[in-house]
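Structure first, commentary second.
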Amino acid sequence: MTVYFGWLDYIVFGAMLLSSALIGVYFAFFAAKKQNTTAEYLMGGKTMGMFPISMSLIASYISGISLLGLPAEMYTYGTQLWAIVLSEWLVSLTVAAVYLPVFYNLHITSAYEYLRLRFNQKVRLLGSIIFIIKMMLYIPIVIYVPALAFSQVTGINMHMITPIVCIVCIFYTTLGGLKAVVWTDTLQTGLMFLGVVFVLAYGTWRLGGVQQVFRINEEGQRLEFFNMDLDPTIRHTFWTTVFGNYFSWLASCSVNQAMVQRCLALSSLRRARITIFIMAAGIFTIVSLCCYTGLVIYATFASCDPLATGAIRKSDQLLPYFVMSMAGPVPALPGLFMSGVFSAALSSMSTGLNSLCGVIFEDLIRPAYKSPISERAASFIMKIIVVLVGGACAALVFLVEHLGALVQAGKSLAGITAGSLLGMFSMGLFLPWVNSAGAMAGGVASTLLVGWMSLGTQAAMARGQLFLAPKPSSVAGCPANASAPLLAAARTDFDRSATFFLYRLSYLYYTLVGTAVCVATGLLVSWCTTPNDPAMVHRDLLTPVVHRWLPAQHAHCSRPRPAQPAHTTDYCASLDRLHIDPSGDVCTKIIALSFHVLTLRNVGVKLQYSFIDKSVR
């Protein structure tokens, strides 16, 4: 018998949506600092605490794709993908030591401003466009996930649910800016943990304990952690999930606008580094919980596969089906679970919209204006961007349901742009002789190649040319009128047909391939044109890791300057232009800064004089 939401479940779910919306209303109308400036709307005024930023980062990277896709992956293909948690710690160390110090010291709002400082405006524009494409491919999947789950537990058509997700998310993201996004993410992270923990704890208790769960999964051939096969066409091995996923996760964390924007909202580099490690611990925990939930689901349905019996039509519906079948009679538990799934989706979508807003405004709209944009106009433009982008992503949801498994589809599409972005930033940080022509050529070549691989693979799977063989399952324990038990599936991941080799390559290598192609192309083009002189590339643009191996910096090499709005005055930047250390004793008793403009009408030249009266202790 099919079990749907009860009235208490709807109350719990509605309370989550209402709370998220009210947070946006609070920061828009009642907070001490209104979200009506670019600094407040995009950076939270750089006054955010480590705890909410950490929770926001966890919620941003643990979307509904993880909550629904990882259990389905464990159930269908086994536990090898669980090994991705090993690479997440390595990525956190890399980001904290290599990438974050550069972004933080430059005081930039958009991560892609770095590409302008290191190369030129055209490379920055390319990076911004690639990021926009990436998020426009990712956000529709994020929206589709909770709609699919909600349809499963309520019986309501998913295309009626999609606008609800988008409207609520767009509402609080538009009104409250980064602060609303971060604090709703904090609320939603807590709901995610509660939902997952209650479901897996209840399921484990029903089965008789953790040991029983692992015993049933071992009998069903689900436990596999150390497949050491070096064949790159095998979907999941130890090497693809640890080594291949390292580059995929590095691209998501190190050069992602969402990560950079949140880390720069903190008051110091040390606090930003601590936040990254808190995020890593949180992601490690919830990914492991999601993977274990998949084992609980398999142990529950080991003798009666709901996919084989037609109870569900896609593996991504396994977790909602499990919740309603096993926990439906428990008051409010399905509602709590769906609140967690929707929370994961809302947090990822709101983060995507906020970061897209920052990139579109700072990298595309502001440079196009020759005159200053007032703060009120900027705030209005950014809110319009959020509404338009959110609406476009909602429309793209109709294409997502034709893709394969959520985890693979998400990472495959992300790989189209992840490799090129990681390659462009890494060339800028590590290879000072790479010039702008090389960066541009590398980014374009990488995006085109991996885009062809990813879309070609999805098309081949849709045509049936590639077959992802699941682990064996059975319907032997179903009622007598059920179909016969399924035969054991083949142990190979891909059908060894005449399908093109790159289409058979594991999707976890896409980012690695894209990065390698980007760097190789960039080096080649730079060598064929005019390579940069490493002495003329300022050390602030290069990661501290490579400083010791570089030649001495040229005396005439100027320090890079992020673009400042023409109507604002940056006090510290003004001091730095005059070679004064703002933290030194010479500036402890600065009495005044005054700027005078003298217009020479006969030649149409404006001269600006600065007078600083310094009193040294």
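Label-to-label distance, Val197 versus Leu388, with points set 7 angstrom from Cα along the beta-carbon direction: 4.3 nm.
Considering only protein heavy atoms, with the full assembly of protein chains and a 1.4 angstrom probe, order Leu524, Leu230 by accessible area, largest first. Intermediate results must be reported in sequence, preceding the final value.
Values: Leu524 110, Leu230 130 Å².
Solvent-accessible surface, decreasing: Leu230, Leu524.
Ligands, DNA and RNA aside, Ile141 has an accessible area near 0 Å² when probed at 1.4 Å.
Measuring only protein heavy atoms, the 1.4 Å probe finds Ser92 accessible over about 0 Å². Projected label points at Leu22 and Leu269, each 7 Å from Cα along the beta carbon direction, are separated by 4.2 nanometres. Couplings for segment 337-347, taken from phi via the Karplus curve 6.51 cos²θ - 1.76 cosθ + 1.60 with θ = phi - 60°, read 4, 5, 4, x, 5, 5, 4, 4, 6, 4, 5 Hz in order; Gly and Pro are left as x.
Once all protein chains are placed together, Tyr138 keeps about 60 Å² accessible to a 1.4 angstrom probe. Sequentially through segment 17-26, phi angles give Karplus couplings (6.51, -1.76, 1.60; θ = phi - 60°) of 5, 5, 4, 4, 5, 5, 4, x, 5, 4 Hz, Gly and Pro residues having no value and appearing as x.
Taking a probe of 1.4 Å, how large is the accessible area per residue of segment 126-280, in Å²?
Here the per-residue accessible area is 35 Å².
3J(HN,Hα) along segment 228-235: 8, 4, 8, 4, x, 8, 6, 4 Hz, from the Karplus curve 6.51 cos²θ - 1.76 cosθ + 1.60 with θ = phi - 60°, whole Hz, x for Gly and Pro. Site pair Phe214 and His554 shows an inter-label distance of 6.1 nm when each label is modelled 7 Å from Cα along Cα→Cβ. The Ala377 and His159 beta-carbon pair, evaluated with R₀ = 35 Å, returns a calculated FRET efficiency of approximately 0.45.
For Tyr369, Tyr10, give me the order by solvent-accessible area with a 1.4 Å probe, most accessible first, ignoring ligands, DNA and RNA.
Working: Tyr369 120, Tyr10 95 Å².
Ranking Tyr369, Tyr10 by accessible area, largest first, yields Tyr369, Tyr10.
Subtracting the Cα-Cα distance of Thr309 and Ala281 from their residue separation scaled by 0.36 nm leaves 6.2 nm. Pairs exceeding 27 Å between alpha-carbon atoms, taken from Lys122/Lys179; Lys134/Lys383; Lys314/Lys471: Lys122/Lys179.
Of the residues Asp229, Asp540, Asp363, the one with the largest accessible area comes first in the ranking Asp229, Asp540, Asp363, computed with a 1.4 Å probe on protein heavy atoms.
The values are calculated or read from the model by the stated rules, or taken from the named source; none is laboratory data. Quick caveat: nothing in here was measured; it's all calculated off a predicted structure. Methodologically, a virtual Cβ is constructed for each residue, glycine included, from the backbone with ideal geometry; neighbour enumeration extends over all protein chains shown. In case anyone asks, the SASA skips ligands and DNA or RNA and just uses the protein heavy atoms, side chains included. Shrake-Rupley method; radii C 1.70, N 1.55, O 1.52, S 1.80 Å.
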